[in-house]
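Everything below concerns the one structure shown next.
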Amino acid sequence: MSDIPTELRYASTHEWVRLDGDLATVGISDHAQAELTDIVYVELPEVGADVAAGDSCAVVESVKTASDVYAPLSGKIIAVNEAVAKDPALINTDPYGEGWLFQIKPSDLSEYEDLLDADAYAEQIGE
Amino acid sequence: MLKRTPLYEAHCRLGARMVEFGGWEMPLLYRGIVEEHLAVRQAAGVFDISHMGNFTVAGPGAGAFLNHCLTNDLDRLAVGQGQYTLMCNERGGVVDDLYVFRVKPDEYLLVVNAARTRADWEWLDALVDAAPTGDGFNLRDDTDRLAALALQGPRAAEILPRVIEGGSIAGMLVAGVAELKKNQWAGFVFRGHPVGVARTGYTGEDGFELVLPAGLAEEFWTLLLAAGKACALQPAGLGARDTLRTEMGYPLYGHELSEDITPLEAGLQRFVALSKGDFVGRNALLAQAEEGLRRRLVGFRMEGRTPPPRPGMEVQDTGGRVIGRVTSGTQSPSLGTGIGMALIAAAEAVEGRPIRVVMRGRAHPAVIVRRPILSRPKPGSGGASNDSALSASKAG
């Protein structure tokens with residue numbers, strides 16, 4: 001069983017979103033990091049880039065495979081986690097905390113309501 | 001339908017993530033590739049290698065037949081010794097790379113790649129038909145009635161004698177398994193059943209490869225893991241097996257070797273005895289040796305923080321000209337950087353030369369390095385008279 005915090009929303013592509021006012025922090029779920037196993041490289045988006053929900057905007061690579069990370073919301077990238085670029089294993093050890101990837105200023109908050117809640121995400125991954 | 005080894009249930013109980021490999025359902029990892037990799041480098045790991053093919057060739061004509069099929073010189077093998085060797089087609093391309101052990105004066109054990117077992121069998125069978133009638137021999141596929149394990153790591157020789165006690169009864173005669181030297185083979189007895197043990201491996205560490213009856217596999221596996229617990233022994237999957245062999249620059253069939261790549265291009269000339277007399281592929285390999293190689297396999301290391309290189313990625317010179325492709329690549333758990341092997345234009349295959357590896361449209365800097373990519377102290381307690389067979393093959 002993986003950890004699925006109830007205060008977060010999830011994309012079906014395994015990203016999580018923490019909405020704090022008009023700032024959305026994004027990372028990948030505990031389930032996703034466990035599937036990927038040892039993450040050894042992260043490519044983050046450019047700060048200031050405009051992204052649309054569903055765009056591939058980051059890449060995480062494990063020893064075995066590369067995996068796209070999709071923007072769960074449309075908006076502007078306003079920060080990226082430089083610590084995770086230096087130490088990608090943070091995604092494995094603390095996927096909802098120090099392992100966050102980037103922050104978006106959402107342009108359409110209704111998209112947030114369309115994301116999965118913890119129960120729906122748990123169901124999707126069969127837990 | 002994928003095949004399962006006799007240890008399938010044991011892997012599932014350990015929580016292994018199973019993947020398809022060479023037609024078999026095999027453990028990719030148990031707890032994590034990096035953790036298992038480091039366990040093998042620092043202590044010990046045990047791999048299920050029952051997917052590999054096991055052929056026996058026996059009879060008065062077995063040696064002469066095999067020496068005609070294989071590139072290395074089989075006449076150098078005394079009873080109880082093994083060697084790394086290759087089987088080539090008439091064009092000098094590699095049908096498979098394998099280990100051959102002389103288990104009796106007229107009996108040889110061939111350990112071949114899982115994905116090539118059928119192709120190898122058909123190839124050998126055709127060569128049997130074409131062989132001149134002389135001394136007789138027969139060819140037997142024992143893969144399905146046998147299990148095989150690899151116990152690898154600096155503490156392997158501490159662990160194995162706790163499970164296989166006593167001296168050998170066949171092959172190299174020794175008082176205990178730990179007395180086997182690099183590339184030696186012997187038969188031992190485990191609970192009344194025969195177990196073949198070789199001091200070989202695919203990780204660059206000291207260790208053993210064992211072949212035992214399939215019905216004994218689970219009991220042996222369980223005992224071995226229990227006996228190794230105090231030595232930090234861990235079960236290790238194919239993920240770690242791949243990163244370990246890549247650090248050593250060992251070839252994997254389908255990546256560094258194929259029917260269209262010759263052993264000379266792969267830097268394995270040390271295992272091709274061009275002067276031993278005729279063998280399948282010799283004329284083509286002689287011609288290639290005389291004309292010079294157009295491409296060579298090299299090891300490389302990424303510079304700085306880059307994505308891990310992957311098979312198929314383009315390799316460029318520093319001017320942006322395409323010079324070849326990556327054959328294997330990964331993030332080295334030991335070095336913490338991307339490493340790999342690439343088949344590139346022979347003129348570019350120079351140690352120390354900067355190259356570029358193209359990943360998602362961006363050329364990242366790398367440098368050609370000598371193989372093994374990870375330099376290792378020589379295996380200790382095995383008293384290796386010669387260095388690990390494959391590690392002697394140099395880049396370029």
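Shown for chain B: lysine pairs separated by 8 or more places, or found on different chains, whose C-alpha atoms are under 20 Å apart, numbering 6.
Here the gap between residue B:230 and residue B:169, fully extended at 0.36 nm per residue and compared with their Cα-Cα distance, gives a gain of 19.1 nm. Using a probe of 1.4 Å on the protein chains alone, the accessible area found for residue B:7 is around 0 Å².
Accessible area per residue (1.4 Å probe, heavy atoms of protein chains only) ranks A:114, A:55 as A:114, A:55, with the largest value leading. Bridge orientation summary for chain B: considering DSSP beta bridges with both residues in this region, about 95 percent are antiparallel. The calculated FRET efficiency for residue B:128 paired with residue A:35, based on their beta-carbon distance and R0 = 45 Å, is about 0.45. Working from label points 7 Å from Cα in the Cα-to-Cβ sense, the residue B:345 to residue A:83 distance is 4.7 nm. Which whole-number percentage describes the relative contact order of chain A, with Cα contacts under 8 Å and a sequence gap of 6 or more? It comes to 31 percent, rounded to a whole number. Put a dot 7 Å past the Cα of residue B:106, heading toward its Cβ, do the same for residue A:20, and the two dots end up 8.0 nm apart.
Take residue B:179: with every protein chain present and a 1.4 Å probe, its accessible area is about 100 Å². For residue A:76, a cut-off of 26 angstrom between C-alpha atoms picks up these lysines, skipping any fewer than 8 places away in its own chain: A:86, A:105.
Counted over all Cα-Cα pairs of segment A:9-120, pairs farther apart than 18 Å make up 41 percent. With the gyration tensor restricted to C-alpha atoms of the protein assembly as shown, the semi-axes of the equivalent ellipsoid amount to 46, 28, 19 Å, longest first. Applying 1/(1 + (r/R0)^6) with r as the Cβ-Cβ distance of residue A:1 and residue B:375 and R0 = 56 angstrom yields a FRET efficiency of 0.85. In chain A, helices alone account for a calculated mean residue ellipticity at 222 nm of -4500 deg cm²/dmol, with every DSSP H run of four or more residues adding -39,500 (n - 2.57).
The alpha-carbon positions of chain B define a convex hull whose volume is 133 Å³ per residue.
In the assembled protein chains, residue B:106 presents an accessible area of approximately 80 Å² (probe radius 1.4 Å). Remark: the residue B:274-residue B:3 segment gains 93.8 nm on full extension, using 0.36 nm per residue and subtracting the alpha carbon distance. Across the protein chains, with a 1.4 Å probe defining accessible surface, the residues B:328, A:67 rank A:67, B:328 from largest area downward.
From helices alone, chain B scores -5500 deg cm²/dmol at 222 nm; the rule is -39500 (n - 2.57) for each run of n ≥ 4 DSSP H residues, then divide by the residue total. Treating r as the C-beta distance of residue B:91 and residue A:13 and R0 as 56 Å, the FRET efficiency rounds to 0.75. Using a simple spin-label model with pseudo-atoms 7 Å out from Cα toward Cβ, residue B:219 and residue A:49 lie 5.9 nm apart.
The values are calculated or read from the model by the stated rules, or taken from the named source; none is laboratory data. From a predicted model like this one, the values you see are computed outputs, not experimental measurements. Methodologically, a virtual Cβ is constructed for each residue, glycine included, from the backbone with ideal geometry; neighbour enumeration extends over all protein chains shown. In case anyone asks, the SASA skips ligands and DNA or RNA and just uses the protein heavy atoms, side chains included. Shrake-Rupley method; radii C 1.70, N 1.55, O 1.52, S 1.80 Å.
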